[in-house]
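Report on the following structure.
The values are calculated or read from the model by the stated rules, or taken from the named source; none is laboratory data. Bear in mind the structure is a predicted one, so any value in this text is a computation, not a measurement. Don't worry about glycine lacking a Cβ; one is built from the backbone with ideal geometry, like all the others, and counts go over all protein chains shown.
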Amino acid sequence: MEPVRRKRQHNRFEKYTRSGDLHRGGIPVTSRAMNAPINAPVNVPGASSHAHDVRALARRRWLVALALTVAMVACYFGFIGLVAWRPDLLATPVGDGLTAGIVLGALVIVAAWVLTLVYVRWANRVYDVALETLRAKGHR
Amino acid sequence: MPTRFGEPDAVAIMFFAAFIIITLGITWWAARRTRTTEHFYAAGRSITAGQNGFALAGDYMSAASFLGIAGLVSTSGFDGLIYSTGWLVGWPVVLFLIAEPLRNLGRYTFADVVASRLQPVPVRICAACGTLATIAFYLIAQMVGAGGLIRLLFGIPYEVAVVVVGLAMMAYVLFGGMIATTWVQIVKAVLLLGGAATLALLVLSRFGFNPANLFAAASAQYGAGVLAPGRLVSNPYDAISLGMALMFGTAGLPHILMRFYTVPDASAARRSVFVATGLIGMFYLMTFVLGFGAMVLVGPDAIRAIDAGGNMAAPMLAELLGGRAFLGFIAAVAFATILAVVAGLALSGAAALSHDLWASVVRKGAPRPGEELRVARIATILLAVVAIALGVAFKGQNVAFMVGLAFAIAASANFPALVLSVFWRRTSTIGASASMLTGTVATLLLIALSPAVQVDLLHNTSAWFPLKNPALVTIPLAFAVGILGSILWPNRNEQRAFDALQSQMLLGADSAYADARANAASPAASVSPATRA
């Protein structure tokens, strides 16, 4: 990979920030940056409302992630709980050749798929759209 | 029908050799494209979501799952499903909590993420401890499994087999880096899924393509007990502990987390987990069918006669249904599986040593140009030697159990600190470092005090710690230490940095830009803090 050539004309804040990555308000992830002492975030007009939007979206994402994780944990540990404490329930036959245990185990696998699908659809429809809006505002 | 197990078989060796040639070809192609650390660790970020989905699935579907679960189901019936479900449900957790923030906040390893706003030196050292401990257990399990498998299938002596696997792994990683390991995983995943699917279809064809008929036949022959929970999980707390290790360990496996950096952005990372979850779920449903097929068509006694652990159930079934050719194919695929996984493990161990420890701690984040890559390659050679030594030293150990322990370490040392540093504003350096260190040490200690070591290995009458898998204790402990440490020793700067990083966590650093800058790596550009506005 060729080294990046730095052009002469950059915005005048270049010399104050390591990468000129002003608009994002984030700390660039370079090896040197990772070892630099932490300073206060850069002061940029409009940054505070942008930061507020970012926080709001991060919180929303966290709530969705938490809800789905709890659902998955409940499905799986519900199954494990039955295995641990009520194995007799799982032994009851269901139809010919199947038992409740096999059906529930298969349902846990299906639940994992369904929850995954729910998240991906939410992410595609809601989250990515919100991210694009944020990006557009950030680069204003 | 006389089995060909234990004798070198021409067909198997032919498939074997074909796989080695193909993967060496891939390595040669990859080596020509590997020039920078970005290529070596992250395949130049050129892997697509679909490809990475296969690579992730391939990395995850180790020989332990294919042979081990099929064997477990063939001898114990329903109990194998407990492992199957456990090994799958970790993936949704990765998707919801880990995948996108990880990709956005880090560059090559998960320690990048934890260190993104904390003091790098203590955090990276502790993260490297957890990483290397996980990798050590996982490597031992894979090397021992490889040695035993090759000896059983090809008749080659155990030590020779371990050396061969170690050398091949070294070649893949040393010359091909992440590009080679990724494509080897993809090839292997396709072969493994194809082989398992074919085998499953062959089994079902004997039962009218209805799995219920298969299960009914199993219970007719061996009693209704095979369709219900058996004695594998005797103690309820053991069951929950194992479940916790399997579910949360996936999100802490360093070689899996490293794969998220090979795709261009977080959205691709998310899609690749989606693909991987689908493939892995299908795979575990198939192994369940294969296990019962082996139980009915081959018989648990015959399976246990060949290998007490039951690991040969799937190959024996392949021989029965598809003849010597199919057995050879399955054997080669099983070998390929092990080889690909140890290569991934070695790469992530090399990354921990060179990226986390050398470049960030010793060289304070500014390694000389080309140095990090050289150190990574030296670390690979070292790890190959260590892996061979460990494989020979631990000959005969129970490998599925060791994989469970590797998961326990990953779930305790890596997962809590990762979640806390990504989602909790108040995480401080001391909290995160203490969490990782506690997770590692507590898990290793409780393993040493557990029945597996105390009773089975040291022949004491009882063990200090009653559970076989310590996850039930160590995961909450690591979280508690992380939270307490952050509350008792807070750091306002780091909290403010969390706010600053929120944007990057969602939107991503401009990673191509950041990588280009890092690779330019001019030492003169070390900026002092005063120049930041």
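Before moving on, here are some points about what is shown:
- Some residue of the stretch B:82-90 being facing chain A (nearest Cβ under 10 Å) and either more than 30 Å from A:R60 (Cα to Cα) or surrounded by fewer than 24 Cβ atoms within 10 Å (Cβ to Cβ) (or both): yes
- Within the stretch B:97-144, the residues that satisfy the criterion of being touching a Lys or Arg at 6+ places or on another chain (Cβ under 7 Å) and among the hydrophobic types (A, V, I, L, M, F, W, C) are B:A99, B:A111, B:A115, B:V144.
- Annotation for the stretch B:450-460: no member residue is hydroxyl-bearing (S, T, Y), in a helix (DSSP H, G or I) and away from chain A (no Cβ under 14 Å).
- Flag not set for B:I140, criterion: aliphatic (A, V, I, L, M), at pLDDT below 90 and part of a loop (DSSP other than H, G, I, E, B).
- Lone qualifier among B:V385, B:V403, B:V441 - being closer than 26 Å to B:A251 by Cα and in contact (Cβ under 8 Å) with a residue 60 or more places away in the chain: B:V403
- Boolean, B:P229 is facing chain A (nearest Cβ under 9 Å), closer than 26 Å to B:N213 by Cβ and not small (G, A, S): yes
- Test result for B:L285, at pLDDT 90 or above, more than 11 Å from chain A (Cβ to nearest Cβ) and at negative phi: no
- Among the residues listed as B:L373, B:L405, B:L437, the single one being modelled with pLDDT under 90, surrounded by fewer than 23 Cβ atoms within 10 Å (Cβ to Cβ) and outside any loop (DSSP other than H, G, I, E, B): B:L373
- Of all the criteria given as (1) in a helix (DSSP H, G or I); (2) at the interface with chain B (Cβ under 7 Å from one of its Cβ atoms); (3) closer than 25 Å to B:S428 by Cβ; (4) modelled with pLDDT of 50 or more, the one not satisfied by A:V42 is (1).
- Looking at the stretch B:19-91, the helices (runs of 4 or more DSSP H) lying wholly inside it that each contain 2 or more residues that are of a type in the set (S, T, N, Q) and closer than 30 Å to A:I80 by Cβ sit at B:70-76.
- Subset of the stretch A:89-103 [more than 8 Å from chain B (Cβ to nearest Cβ) and not in a loop (DSSP other than H, G, I, E, B)]: A:L89, A:V94, A:A100, A:V103
- Total residues in the stretch B:468-492, condition modelled with pLDDT under 90 and touching a Pro at 6+ places or on another chain (Cβ under 8 Å): 1
- The number of residues in the stretch A:72-88 that are part of a helix (DSSP H, G or I), out of contact with any helix residue (DSSP H, G or I) (no Cβ under 6 Å at 6 or more places or on another chain) and more than 7 Å from chain B (Cβ to nearest Cβ) comes to 5.
- The residues in the stretch B:232-242 that are without any contact (Cβ under 8 Å) to a residue 24 or more places away in the chain and at the interface with chain A (Cβ under 7 Å from one of its Cβ atoms) can be counted, and the count is 1.
- Criterion: among the aromatic types (F, W, Y), closer than 15 Å to B:I135 by Cα and touching a Leu at 6+ places or on another chain (Cβ under 8 Å) - qualifying residue of B:F415, B:F401, B:F407: B:F407
- Among residues of the stretch B:258-282, those that are more than 11 Å from every other protein chain (Cβ to nearest Cβ), more than 20 Å from the chain's Cα centre (by Cα) and aliphatic (A, V, I, L, M), counted: 1
- Residue in the stretch A:123-136 that is under 26 Å from B:R271 (Cβ atoms), at pLDDT below 90, assigned to a helix (DSSP H, G or I) and in contact with an Asp or Glu (Cβ under 9 Å, 6 or more places away or on another chain) present: yes
- Listed conditions (1) assigned to a loop (DSSP other than H, G, I, E, B); (2) under 26 Å from B:A251 (Cα atoms) are all met by A:W62, apart from (1).
- Residue in the stretch B:102-112 that is within 30 Å of B:L242 (Cβ to Cβ), modelled with pLDDT of 90 or more and over 19 Å from the mean Cα position of the chain (by Cα) present: no
- Counting only residues that are surrounded by fewer than 19 Cβ atoms within 10 Å (Cβ to Cβ), in contact (Cβ under 8 Å) with a residue 60 or more places away in the chain and hydrophobic (A, V, I, L, M, F, W, C), the stretch B:207-227 holds 1 of them.
- Number of positions in the stretch B:192-206 that are crowded, with 20+ Cβ neighbours inside 10 Å and either touching a Ser or Thr at 6+ places or on another chain (Cβ under 9 Å) or free of Cβ contacts under 8 Å to residues at least 24 places away in the same chain (or both): 3
- Matching option when the condition is under 29 Å from B:S435 (Cα atoms) and either at pLDDT 85 or above or assigned to a helix (DSSP H, G or I) (or both), among B:G148, B:G130, B:G166: B:G130
- Subset of the stretch A:91-111 (residues that are closer than 24 Å to B:T277 by Cβ and among the small types (G, A, S)): A:G101, A:G105, A:A106, A:A111
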